[in-house]
1. Only residues that are closer than 28 Å to ARG8 by Cα and either in a loop (DSSP other than H, G, I, E, B) or open to solvent by 60 Å² or more (accessible area, probe 1.4 Å) (or both): list them for segment 39-67, please.
2. So which pairs qualify, if the first residue must be in segment 52-67 and closer than 21 Å to ALA25 by Cα and of a type outside the set (D, E, K, R), the second must be modelled with pLDDT of 75 or more and surrounded by 12 or more Cβ atoms within 10 Å (Cβ to Cβ), the Cβ gap must be under 7 Å, and the two must be at least 6 apart or on different chains?
3. Among the residues of segment 58-71, are any closer than 30 Å to THR91 by Cα, over 12 Å from the mean Cα position of the chain (by Cα) and hydroxyl-bearing (Ser, Thr, Tyr)?
4. From the list ALA16, ALA33, exactly one residue is open to solvent by less than 50 Å² (accessible area, probe 1.4 Å) and either assigned to a helix (DSSP H, G or I) or more than 16 Å from LEU86 (Cβ to Cβ) (or both). Which is it?
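The values are calculated or read from the model by the stated rules, or taken from the named source; none is laboratory data. Because the structure is predicted, anything quoted here is derived from the model rather than measured. Cβ sites come from the backbone with ideal geometry, for glycine too, and all protein chains shown count toward neighbours. For the accessible areas, the whole protein counts, side chains as well, though only heavy atoms, and no ligand, DNA or RNA atoms are used. Shrake-Rupley method; radii C 1.70, N 1.55, O 1.52, S 1.80 Å.
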Amino acid sequence: MSTRVLFRVVLPAVVALPLGFIGLALAAENEPAIPAPVLMLFSPGLKLAELIAPGEHGSLGATFGWFLRVGIAVNAAYYFVIFALLTYLITRRSAAQ
């Protein structure tokens, strides 16, 4: 595997998934105390999961499971894009020199 693929794709993906989970946990715990715009900067998955969570009355486990899946996936994608952009800018800058 080339180092370019490792630094631009694999490393941001490996870092983004646990950070997305932690971001969702911290945001859900502190949601009433943090203003909504600040919350959206750190955990956009929380608000999106609240919108997408099924409206019908299913079992609590199924509803909570979908909430977690959506929240963690959105947060992981959000942090992946941030880290991939940062690694792109860093590797581009070092390649230009």
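1. MET40, LEU41, PHE42, SER43, LEU48
2. Qualifying pairs under 7 Å: ILE52/VAL70; ALA53/THR63; ALA53/TRP66; ALA53/PHE67; PRO54/THR63; PRO54/TRP66; PHE67/ALA49.
3. No; the residues of segment 58-71 include none that is closer than 30 Å to THR91 by Cα, over 12 Å from the mean Cα position of the chain (by Cα) and hydroxyl-bearing (Ser, Thr, Tyr).
4. Within the list ALA16, ALA33, the selection yields ALA16.
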